[in-house]
Amino acid sequence: MSTTFDITTINFEKRKPSRAVIMRTIGVYLEAGVKAFELHWGENCIDVYFDPRVNKWFGHGWIKEIGGDSIADELNSMYNEAKKFVKDHFIFVNVK
């Protein structure tokens, strides 16, 4: 797990969360600037974190059929699309 960022623990206590619920929950925390998560449902756990040294998300663990690696892959895909959008649509100039 990441030692660069504070880890936010999210407990899904009632029903098994769907992939959509997990991604929406992560999205809320991402907007608040969180970069490291522990997602718990009973004995099942997923760890997902961003490593700024390589600008990439990593994940491991499982909640039923939902894997941390697939969540990290989806976050990396969104991150890369956002970087491409900024590169394609904005021109940054240095002002001295």
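Computed from the coordinates by the stated procedures, all read-outs in this text should not be read as laboratory data. Remember, predicted model here, so these are calculated numbers, not experimental data. FYI the Cβ positions are ideal-geometry reconstructions off the backbone, even for glycines, and counts take in every protein chain you see.
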Check: Which value, in nm² and rounded to one decimal, describes the direction-averaged projected area of the C-alpha convex hull of the chain?
Finding: 7.6
Notebook entry, point to check: When only C-alpha pairs under 8 Å and at least 6 residues apart count, what is the relative contact order of the stretch 8-89, in percent?
Noted result: 21
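Gain in length, Thr4 to His40, computed as 0.36 nm per residue apart minus the alpha-carbon separation, to one decimal in nm? Intermediate results must be reported in sequence, preceding the final value.
On the way: separation 36, 0.36 × 36 = 12.96 nm, distance 2.08 nm.
Gain on stretching Thr4 to His40: 10.9 nm.
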Checklist line | Cα-based helix-to-principal-axis angle, 68-89 vs the chain, degrees rounded to 10 | finding: 20
Notebook entry, point to check: Considering only DSSP states other than H, G, I, E and B, which trypsin sites (Lys or Arg not before Pro) in the stretch 14-83 qualify as loop sites with at most 14 other Cβ atoms within 10 Å?
Noted result: Lys14, Arg15, Arg53, Lys64
Checklist line | Low-density loop cleavage sites - chymotrypsin sites (Phe, Trp or Tyr not before Pro) in the stretch 1-74, where at most 10 other Cβ are within 10 Å (DSSP) | finding: none
Check: In the chain, what percentage of the DSSP-assigned beta bridges are antiparallel, given to the nearest 5?
Finding: 80
Next item on the list: Just subtract the alpha-carbon distance of Phe90 and Glu31 from 0.36 nm times their residue separation and send over the number in nm, one decimal.
Entry: 19.1 nm
